[in-house]
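Some notes on the structure that comes next.
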Amino acid sequence: MRLGLTTAGESHGPALVAIVNGLPAGLRLDKSEIDRDLARRQEGYGRSPRQQLEHDEVEILAGLRHGATLGTPLALVVRNRDHENWAWGMSPWPPDGEPTGKGTTPVTLPRPGHADLAGALKFGHDDARNALERASARQTAVHVAAGAVAKALLREIGVSVNAHVVEIGGETEAGTWEDVTDAARADRDTLGGVVEVVADGVPPGLGSFAERDTRLDTRLAAALMGIQAVKGVEIGDGFELSRLRGSAAHDEIQPGLRRTTNRAGGIEGGVTNGEPVVVRAAMKPLPTLMRPLRSVDLASGEPAEALVERSDVQAVEALAVVAEAAVAWQLARAAREKFGGDALADFVGAHRAYAERIRWPRER
Ligand SMILES: Cc1cc2nc3c(=O)[nH]c(=O)nc-3n(C[C@H](O)[C@H](O)[C@H](O)COP(=O)(O)O)c2cc1C
């Protein structure tokens, strides 16, 4: 059974949409739970005013009846409330009347670090907006909605996924994060950071070492690297492991198959080993600067300052929510592969039978 996700939607277009395939029938979803994750994505110190303007909410168009999945494709929509200000500029059809609102003049000043130049060159766009609208991290909203569905499925087999911020602007003390954000804002600059996602209750045996692309670590790394502005991923102690001797790096196996350490981050050989799955993602500073870097006007070829557009100072707390959704999605996918089933009871029953065979969960 393959769990599939297809998404579409521009940052200031009418809506973001997702189609989720491969869910079992009978999974109960709670709208307020999905909306809570959407709200968490919009929170955080250092976000742009757009987050106050828009309160994301999920709509379900298909695949759900009276709160339970039908085992058919689940269609999710998150509307862009800001679209009303961009209705002419982002109209899917040729707009009527005189240009009005936002997005009416072409973007020709590519921002270093954003997709503007690469996207304009790739697609031959004279207006880089045609590229940046989709490249924008706005699309993470619908991924968070899909992640909330994945978390609901994982809960049925006792798995929980939670993320937190580890570092903002190089600072590891939470008490300093607002200050460094304020300082960057005052300098009209941006920051990056690091988040950690921890999944508890993950049964051993998710993922595979049969091929590189079936390894769970491959899939988690790709999923996290697939998030806008993520430039580094660590599984467990990651880069730190390279500095240790083997005797200090590996997690000894105790009677009862317990471990006292979890430097591997719950994955050995691309397969979960029964310890919590722990992954980190590093985010670069956001590319839209209120004091722009040097660029070139694509219309004239002359030196110019890069585009300035409403933007976050840092979005590390939001990244935590997006990363949590990405990890939940990959774990749910791996669990669907292992436990299958058309009805939720089949899925849960297969997990239970497997847990009995391997005596999971072990006593701690
Ligand atoms: C939750 C989140 C919010 C973001 N907000 C902004 C933003 O306000 N301004 C900005 O320039 N980049 C923002 N980004 C990063 C850009 O989307 C990203 O840098 C850009 O699409 C180029 O992709 P790349 O950094 O992966 O190369 C955000 C990323 C995430 C994950």
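The values are calculated or read from the model by the stated rules, or taken from the named source; none is laboratory data. The structure presented is a predicted model; accordingly, all values stated were derived computationally and were not measured. Note that each Cβ is placed from the backbone with ideal geometry, even for glycine, and that neighbours are counted across all protein chains shown. Surface accessibility is based on the protein's heavy atoms, side chains included, excluding ligands, DNA and RNA. Shrake-Rupley method; radii C 1.70, N 1.55, O 1.52, S 1.80 Å.
A few comments on the model shown:
- Odd one out for H66 among (1) open to solvent by 70 Å² or more (accessible area, probe 1.4 Å); (2) in contact (Cβ under 8 Å) with a residue 12 or more places away in the chain; (3) over 26 Å from W86 (Cβ atoms); (4) of a type outside the set (S, T, N, Q): (2)
- Residues of the stretch 322-342 satisfying the condition of being within 11 Å of the ligand (Cβ to nearest atom) and on the phi > 0 side of the Ramachandran plot: none
- Answer from S208, S247 - the residue that is over 26 Å from E324 (Cα atoms), polar (S, T, N, Q) and modelled with pLDDT of 95 or more: S247
- The stretch 227-263, subset outside any loop (DSSP other than H, G, I, E, B) and at positive phi, residue farthest from the ligand (Cβ to nearest atom): G256
- All conditions but one from (1) surrounded by fewer than 17 Cβ atoms within 10 Å (Cβ to Cβ); (2) hydroxyl-bearing (S, T, Y); (3) away from the ligand (no atom under 14 Å from the Cβ) apply to S48; the one that does not is (3).
- Filter result for the condition that a residue is open to solvent by 50 Å² or more (accessible area, probe 1.4 Å), within 19 Å of the chain's Cα centre (by Cα) and not charged (D, E, K, R), over T100, T6, T105, T72: T6
- Test: residue in the stretch 195-202 that is open to solvent by less than 30 Å² (accessible area, probe 1.4 Å), more than 24 Å from the chain's Cα centre (by Cα) and not aromatic (F, W, Y): no
- In the set (1) under 17 Å from L5 (Cα atoms); (2) in a loop (DSSP other than H, G, I, E, B); (3) within 16 Å of the ligand (Cβ to nearest atom), L16 fails one condition alone, (2).
- Candidates D189, D116: the one that is open to solvent by 10 Å² or more (accessible area, probe 1.4 Å) and either more than 30 Å from I19 (Cβ to Cβ) or of a type in the set (D, E) (or both) is D189.
- Pairs with Cβ under 6 Å, 6+ apart, first in the stretch 297-322 and closer than 30 Å to V197 by Cα and in contact (Cβ under 8 Å) with a residue 24 or more places away in the chain, second near the ligand (Cβ under 8 Å from one of its atoms) and part of a loop (DSSP other than H, G, I, E, B): R310/S48; S311/S48; S311/T288; D312/R47; D312/S48; D312/L286; V313/T190; V322/I227
- Inter-residue pairs, beta-carbon under 7 Å, first in contact (Cβ under 8 Å) with a residue 12 or more places away in the chain and in the stretch 97-126, second open to solvent by 50 Å² or more (accessible area, probe 1.4 Å) and outside any loop (DSSP other than H, G, I, E, B), 6+ apart: G101/N85; K102/N85; L109/E305; P110/L117
- Elements of type strands (runs of 3 or more DSSP E) contained in the stretch 264-321, each with 3 or more residues being at pLDDT 95 or above, within 15 Å of the ligand (Cβ to nearest atom) and crowded, with 18+ Cβ neighbours inside 10 Å: 277-283
- Candidates are the residues of the stretch 322-359 that are open to solvent by 30 Å² or more (accessible area, probe 1.4 Å) and part of a loop (DSSP other than H, G, I, E, B); the one that is nearest to A25 (Cα to Cα) is D342.
- Long-range neighbours under 8 Å by Cβ, at least six apart or interchain, first residue touching a residue at least 40 places away in the same chain (Cβ under 8 Å) within the stretch 250-273, second acidic (D, E) and surrounded by fewer than 16 Cβ atoms within 10 Å (Cβ to Cβ): G256/E363
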